[in-house]
Amino acid sequence: MREILLELLESTGQLSLSTIVMRMVVATGISFFIYVSYMLSHEGSIYSKKFNVSLMTLTVVTTAVMIVIGNNIALSLGMVGALSIVRFRTAIKDSRDTVYIFWAIVTGICCGAGDYLTAGIGGAFTFALLLIFGRIKNDNRMLLILRTSRVNEERVEALMFQYFSHKANLRVKNTTENSAEFIYEISKRVLDRSGRKKNVGSKSITDAIYDIGNIEYCNLVMQNDEISS
């Protein structure tokens with residue numbers, strides 16, 4: 001029994017040079033589609049070319065690791081122990097980036113194991129899903145930011161309740177001895193409907209705020225995936 005376990009731990013699973021090259025070439029080819037998919041689903045300041053190149057490199061590196069491990073249990077256990085001490089501190093700006101990281105790793109594992117069919121079909125379905133739904137953004141949130149005199153504090157709160165009832169969430173309220181700053185979060189749909197209420201007339205919320213007087217500024221900011229609170 002002991003000899004069987006030793007043979008199992010020492011098995012190397014040697015591959016020919018042509019097999020190794022084939023697996024690396026396939027991994028590189030599929031990683032190019034990951035690159036294209038990331039480029040198509042991201043735009044603006046949220047797109048990072050360096051991160052996109054890193055995804056391609058991650059696919060190839062994972063394939064190389066899988067080729068090295070092969071059927072060698074001792075190497076695989078050592079690799080798990082080595083990776084367990086690694087800590088990644090890079091902040092993920094977009095939740096979709098996590099999907100791309102997993103896609104790159106899974107593709108590398110499949111190619112490293114020689115399972116090209118799973119890597120190709122899985123990559124094709126993932127590519128299609130991200131191509132169709134990858135441009136979806138959270139553009140339905142607005143931030144209303146205003147600064148006024150401290151004496152207008154109650155009038156501003158009453159006006160916001162008149163226009164939006166409880167649908168305007170007060171996120172920040174900063175006050176000094178002479179001034180007060182408010183930051184409200186409002187959905188775009190509620191903001192569009194507020195101007196059609198009978199009890200507020202035809203005035204927009206910004207016009208109504210400036211009618212209070214002593215308003216230093218009033219800003220409306222679209223809060224999407226690129227600009228978050």
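Below are the figures for this structure:
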read-out	value
FRET efficiency for Ile215 and Leu131, using Cβ-Cβ distance with R0 set to 41 Å, rounded to 0.05	0.35
Residues with amide H under 5 Å from that of Asp115, placed H, sequence gap 5 or more	none
Assigned charges on the beta-carbon of Lys, Arg, Asp, Glu; the stretch 141-223 dipole about Cα centre (debye)	540
Most to least packed among 115-122, 213-220 [average Cβ atoms within 10 Å]	115-122, 213-220
The stretch 113-189 - Debye-derived log10 I(q)/I(0), Cα point model, q = 0.14 Å⁻¹	-0.60
Debye intensity ratio I(q)/I(0), log10, the stretch 141-223, q values 0.14, 0.25, 0.27 Å⁻¹ (C-alpha model)	-0.42, -1.36, -1.54
Amide H within-cut-off set for Ser187, under 5 Å, with H built and near neighbours excluded	Met142
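None of the figures in this text is laboratory data; all of them are computed from the coordinates on show. Quick caveat, the model's predicted, so the values are computed rather than measured. All Cβ positions, glycine included, derive from the backbone under ideal geometry; neighbour counts span all protein chains shown.
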